[in-house]
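The values are calculated or read from the model by the stated rules, or taken from the named source; none is laboratory data. All values derive from a computational prediction rather than experimental measurement. Cβ coordinates were reconstructed from backbone atoms using ideal geometry, including for glycine residues, and neighbour counts include every protein chain displayed. To get the accessible areas, we keep the full protein, side chains included, count just its heavy atoms, and leave off ligands, DNA and RNA. Shrake-Rupley method; radii C 1.70, N 1.55, O 1.52, S 1.80 Å.
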Amino acid sequence: MIDLRRQLGSKRYVQRVRSIRQSCRPYRLDRFAIARGLAQCGAKIVVSSNTQEDTEQAAHALSKEGFDVAGVRCDITDRRDIGQFGTEAKRAFGKVDILFCVAVGPVSIGPVHESDLDALDNLLISTVSSNLALARQFLPEMAERRYGSIVMMSSIASQRASPLLGGYGAAKAALNGIVRSIAVEWGASNVRANAIAPSMVRTAFSKDFWGDPEREKVRMARTPAGRIAEAEEVVGAAILLASPAGSYISGQVLLVDGARSVT
């Protein structure tokens with residue numbers, strides 16, 4: 001049996017939280033689940049949102065649970081903010097060994113051929129360019145120490161086409177490409193990069209798809225597991241990819257989907 005507390009306990013973990021329209025707080029709940037899971041394994045946490053209030057609330061909520069956590073505000077769409085975040089995150093605990101990138105822009109629902117191209121441009125920037133800019137803040141020092149794990153939050157929509165999430169799926173597919181490139185370019189320095197690609201997870205972000213009981217039944221019927229995932233069910237994948245338990249896993253897109261992708 002692998003003792004994840006022992007394997008992860010000496011590592012620092014940066015949890016990047018991005019606001020999504022007005023659903024910032026509910027959407028963030030699944031990211032709290034990941035942060036909490038790694039903190040329970042002994043990781044030190046830096047949380048961030050694009051507003052000071054949300055950042056402080058996130059840090060306070062996790063601190064009340066007894067975890068070692070700091071909060072650093074950052075607007076992921078502002079490159080100067082990203083640079084400042086990198087500096088302050090490293091200052092908080094001395095170094096950063098693990099980086100979770102979960103930023104994504106506002107998502108339009110509808111056929112891809114009807115997408116607003118300006119909105120799609122913004123989605124690609126926030127999902128791909130901004131997450132790459134964030135990773136670049138930590139890659140050189142990870143390589144110098146010869147240890148680092150970067151995990152990007154992708155989606156099953158990057159692997160399976162969706163009639164309502166074409167633009168979102170395209171952005172996440174591009175993010176998968178960034179993950180693979182980082183894994184290849186930095187692998188010799190013992191820096192790993194992977195993506196987690198969940199299917200439907202019960203958060204406010206996806207509520208349009210499961211909030212109505214009839215629509216939820218349709219979603220459940222399409223999944224061999226027969227239900228929608230809960231936020232906590234993504235945590236195991238996060239711990240695996242963040243810790244030495246996954247030390248030979250790199251360049252992968254790990255589907256957490258209740259067998260949805262193989263049907």
### Query
Assigning unit charges at the beta carbon (Lys, Arg +1; Asp, Glu -1) and nothing else, what dipole magnitude in debye, to the nearest 20, does segment 89-178 show about its Cα centre?
540
### Task
Name the long-range amide H neighbours of Arg192: under 5 Å, sequence gap of 5 or more, or other chain; modelled H, no Pro or chain starts.
Gly148, Ser149, Ile150
### Query
Counting only protein heavy atoms, what percent of the accessible surface of segment 120-204 is carbon or sulfur at a 1.4 Å probe?
54
### Query
Once phi is turned into ³J(HN,Hα) by the Karplus curve 6.51 cos²θ - 1.76 cosθ + 1.60 with θ = phi - 60°, what whole-Hz value does each residue of segment 168-181 show in order, with x for glycine and proline?
4, x, 5, 5, 5, 5, 5, 4, 4, x, 4, 4, 5, 5
### Message
Given all pairs of different Cα atoms, what value in angstroms does the Kirkwood hydrodynamic radius of segment 34-73 take?
### Response
9.8
#### Entry: Å² of accessible area per residue within segment 98-228, as computed with a 1.4 Å probe and no ligands counted
44
## Note on the structure
For the pair Ala259 and Glu65, the simple spin-label estimate (label points 7 Å beyond Cα toward Cβ) gives in nm 3.0
### Task
Given a cut-off of 32 Å, name the pairs among Lys44/Lys217; Lys44/Lys172; Lys64/Lys217 whose C-alpha atoms lie farther apart than that in the structure shown.
Lys44/Lys217; Lys64/Lys217
### Task
Provide the per-residue ³J(HN,Hα) series for segment 257-263, in order, calculated from phi with Karplus coefficients 6.51, -1.76, 1.60 and θ = phi - 60°, each as a whole number of Hz, with x at glycine and proline positions.
9, x, 6, 4, 6, 9, 9
### Task
With a Förster radius of 51 Å, plug the Cβ-Cβ distance of Tyr248 and Val218 into 1/(1 + (r/R0)^6) and report the FRET value to the nearest 0.05.
0.85
### Query
³J(HN,Hα) across segment 239-254 via Karplus (A = 6.51, B = -1.76, C = 1.60, θ = phi - 60°), whole Hz, x for Gly/Pro?
5, 4, 6, 7, 9, x, 4, x, 5, 10, 9, 7, x, 9, 10, 8
